[in-house]
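Accompanying notes for the structure given below.
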Amino acid sequence: MPIVVVANPKGGVGKSTLATNVAGFFASLGHSVMLGDIDRQQSSKLWLGLRPAAARSIHSWDVGGDQMARPPKGTTHVVLDTPAGLHGGRFKEVMKMADKIVIPLQPSVFDIFATRAFLDQLADNKHSGKTRIALVGMRVDARTLAANHLHEFVDQLGMPMLGYLRDTQNYIHLAARGLTLFDVTPSRVAKDLEQWQPLCHWLQA
């Protein structure tokens, strides 16, 4: 049962957007998916409450309390949305169970520095050796200088960059209805689905 953790120490980088759509992707393949949320804002949990009954089922993973309970039997895929500033015992607990970590980052100097420090933290974690880690650029406009700086930063890391997702209202409108890119007619979100292809392949590998 793969557990995909979406993490970045900085807030507002798109963790919940990424986590909900990763869960939606797994659900679109017919998997039994659970989505957990240990962020105080509980954005992913709120999103689950908006999800229509007709949509493919995604269950809520209860991760409250001092220790996270293991997902129930029958669950095949788990996605975990994490808070900004994840550290200490909770950081170690999450990293120990993670099979894959997806790190979203935006093209700003603040995001780049925060992500650099987080990658160093992951490197120091004794459990990181068994975990696959990759980056996803969020709200990226390829025409900007900030996007160029992000490309330069990623090139120095020697770490998989699974793509750059554009800044589009599609994510906002779908989230407001408890939906993902994978819940609507593909032609409506064709450009976004194309950007997701490398990430989808990596998630299944």
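Laboratory data are not the source of any read-out in this text; all were calculated from the coordinates shown. All values reported here derive from a predicted model rather than from experimental measurement. When we count neighbours, we look across all protein chains shown, and the Cβ atoms used for this are built from the backbone with ideal geometry, even at glycine.
Numbers for the structure displayed
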| item | result |
| --- | --- |
| Choice from Arg40, Arg116, Arg139 with maximal GNM fluctuation in the chain (Cα, 10 Å cutoff) | Arg40 |
| Within the chain, helix-based [θ] at 222 nm, where runs of 4 or more DSSP H residues each add -39,500 (n - 2.57), nearest 500 | -12500 deg cm²/dmol |
| Selected from Thr76, Thr185, Thr115 as most flexible by GNM, with the chain as the system and alpha-carbon contacts under 10 Å | Thr185 |
| The chain, relative contact order [Cα under 8 Å, separation at least 6], % | 27 percent |
| Inter-probe distance in nm under a simple model that places probes 7 Å from Cα toward Cβ, at Ala190 and His149 | 3.5 nm |
| Cβ-based net charge around Ala147, under 14 Å, with every Lys or Arg adding one and every Asp or Glu removing one | -2 |
| Centre separation in Å (Cα based) which lies between the range 15-33 and the range 109-164 | 22 Å |
| Extension gain from Arg40 to Met159, taking 0.36 nm per residue of separation minus the Cα-Cα distance | 39.9 nm |
| Gaussian network model of the chain, Cα within-10 Å springs - most flexible of Leu135, Leu193, Leu181 | Leu193 |
| Summed side-chain charge close to Leu179 - residues other than Leu179 whose Cβ falls under 13 Å, Lys, Arg +1, Asp, Glu -1 | +2 |
| Residue order, fewest to most surrounding Cβ atoms within 10 angstrom, among Trp196, Trp47 | Trp196, Trp47 |
| Footprinting exposure proxy for His201, His77 (fewest neighbouring C-beta atoms within 10 Å first) | His201, His77 |
| DSSP-defined beta bridges in the range 1-92 - what % are antiparallel, rounded to 5 | 0 percent |
| Beta bridges by DSSP in the chain, antiparallel share as percent, to the nearest 5 | 0 percent |
